[in-house]
1. Within the range 254-268, is there a residue that is in contact with a Ser or Thr (Cβ under 6 Å, 6 or more places away or on another chain), in contact (Cβ under 8 Å) with a residue 24 or more places away in the chain and closer than 28 Å to Lys241 by Cβ?
2. Could you list, in sequence order, all residues of the range 282-315 that are buried (at least 21 other Cβ atoms within 10 Å of the Cβ) and closer than 13 Å to Lys209 by Cα?
3. I'd like to check something: does the range 240-257 contain any residue that is buried (at least 19 other Cβ atoms within 10 Å of the Cβ) and among the β-branched types (Val, Ile, Thr)?
4. Out of all the residues in the range 205-221, which are touching a residue at least 12 places away in the same chain (Cβ under 8 Å) and either surrounded by 22 or more Cβ atoms within 10 Å (Cβ to Cβ) or out of contact with any helix residue (DSSP H, G or I) (no Cβ under 8 Å at 6 or more places or on another chain) (or both)?
5. Sort out which residues of the range 1-35 are part of a helix (DSSP H, G or I) and surrounded by fewer than 23 Cβ atoms within 10 Å (Cβ to Cβ), and write them in order of number.
6. Output the residue which, of all residues in the range 181-195 that are over 11 Å from Ile283 (Cα atoms) and among the hydrophobic types (A, V, I, L, M, F, W, C), is surrounded by the most Cβ atoms within 10 Å (Cβ to Cβ).
7. Looking only at the range 151-180, filter to residues that are buried (at least 20 other Cβ atoms within 10 Å of the Cβ) and over 21 Å from Tyr12 (Cα atoms); which one of those is farthest from the chain's Cα centre (by Cα)?
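The values are calculated or read from the model by the stated rules, or taken from the named source; none is laboratory data. Keep in mind the model is a prediction, meaning the values are calculated, not measured. As a convention, Cβ positions derive from the backbone with ideal geometry for all residues, glycine included, and neighbour counts pool all protein chains shown.
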Amino acid sequence: MNQLTSLLNIKYPIIQGGMGNISNAPLTAAVSEAGGLGTIGAGTMEPGELEKIIIDTKNRTTKPFAVNIALSVSQHVKEIGALLIKHGVYAVSLSAGNPTPFIPKFHEYGIKVVSVVASVQHARKAEGAGADILVAEGYEAAGINSNLETTTLTLIPQIVANVQIPVVAAGGIGDGNGLAAMLALGASGVQMGTRLIATKEAPFHDNYKQKLLQAADHDTLIVGRTFGKIRRVMDTEYARKLLIEEKKGITVQQFNMLTSEEFHKIGALEGKEANGFMNGGQISGLINDIPTVSELLERMVSEARTAIKRARQLV
């Protein structure tokens with residue numbers, strides 16, 4: 001047990017990334033039951049919709065889980081915060097905005113605060129504001145990313161060197177070797193999103209899962225650079241259409257509409273890759289099976305231990 005697992009009351013130092021409006025109770029609960037920290041992504045959900053998922057998750061597991069709030073995305077931050085307090089959610093993950101005004105209230109009710117950052121400057125500010133844990137996300141990650149485009153490999157050691165609280169590495173991690181590498185860089189654990197999509201409990205369309213299984217190392221795209229709104233998605237017909245529209249000069253409002261949660265659901269839940277997008281990280285090329293969440297986490301920890309032993313023998 002390290003500082004991260006102790007703080008979160010979990011078995012393995014593995015956190016599920018928030019998945020916005022495609023979040024669901026079955027996968028969140030499965031991650032927590034398997035020994036990690038499951039996470040519900042609030043995205044742009046209405047409070048009532050989110051509350052149903054929280055209640056469903058609590059009915060499926062008694063173990064800790066978190067809710068991610070993208071502060072600049074959600075229009076219901078205060079209402080969602082109240083829901084977390086009402087239902088005794090163990091931890092909150094705050095991203096895409098300044099967490100400072102919200103941390104004291106969550107701490108008042110004993111809720112652990114995880115702050116998602118992409119730079120040393122933001123990490124220092126979040127620590128100073130009272131965050132319990134930092135998730136440092138590199139631009140290999142799926143979905144909305146920082147415009148700084150810093151890789152996880154370079155981001156983690158720099159943040160670890162500048163803060164005292166536990167740092168969790170996110171972006172480009174999907175197996176035990178990745179976990180071992182991040183631990184070697186000073187991280188206390190990892191956060192994953194893409195890898196957990198390709199699991200038996202994840203209720204996403206099989207076309208999405210098969211897309212991940214078939215992916216090679218170059219099968220993700222970045223859309224939104226034109227507007228300073230970087231998003232990493234799977235290389236699909238719809239994603240290529242987005243790039244063409246960017247080059248044609250669509251407005252930022254049009255881009256926002258074409259990358260809204262409506263089109264995310266069409267890709268991820270309905271499996272229509274010509275009509276909607278599928279978020280996907282660069283780890284996609286390493287995915288070659290669809291295990292249960294428990295099998296995945298146990299395998300990762302076993303692989304990490306082996307990798308660490310192997311590294312010790314080399315030095």
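1. Yes, the range 254-268 contains at least one residue that is in contact with a Ser or Thr (Cβ under 6 Å, 6 or more places away or on another chain), in contact (Cβ under 8 Å) with a residue 24 or more places away in the chain and closer than 28 Å to Lys241 by Cβ.
2. Result: Ser284, Ile287.
3. Among the residues of the range 240-257, not one is buried (at least 19 other Cβ atoms within 10 Å of the Cβ) and among the β-branched types (Val, Ile, Thr), which makes the answer no.
4. If the condition is that a residue be touching a residue at least 12 places away in the same chain (Cβ under 8 Å) and either surrounded by 22 or more Cβ atoms within 10 Å (Cβ to Cβ) or out of contact with any helix residue (DSSP H, G or I) (no Cβ under 8 Å at 6 or more places or on another chain) (or both), then Asp206, Asn207, Tyr208, Lys211, Leu212, Leu213, Ala215, Thr220 are the ones that fit.
5. Gln3, Thr5, Ser6, Leu7, Asn21, Ile22, Ala25, Pro26, Glu33
6. Applying the filter and picking the extreme gives Val190.
7. The residue in question is Ile159.
Let's see how each residue does on (1) within 24 Å of His107 (Cα to Cα); (2) over 13 Å from the mean Cα position of the chain (by Cα):
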site: Tyr12; (1), (2): yes, yes
site: Gly18; (1), (2): yes, no
site: Ala30; (1), (2): no, yes
site: Glu33; (1), (2): no, yes
site: Ala42; (1), (2): yes, no
site: Pro47; (1), (2): yes, yes
site: Leu50; (1), (2): yes, yes
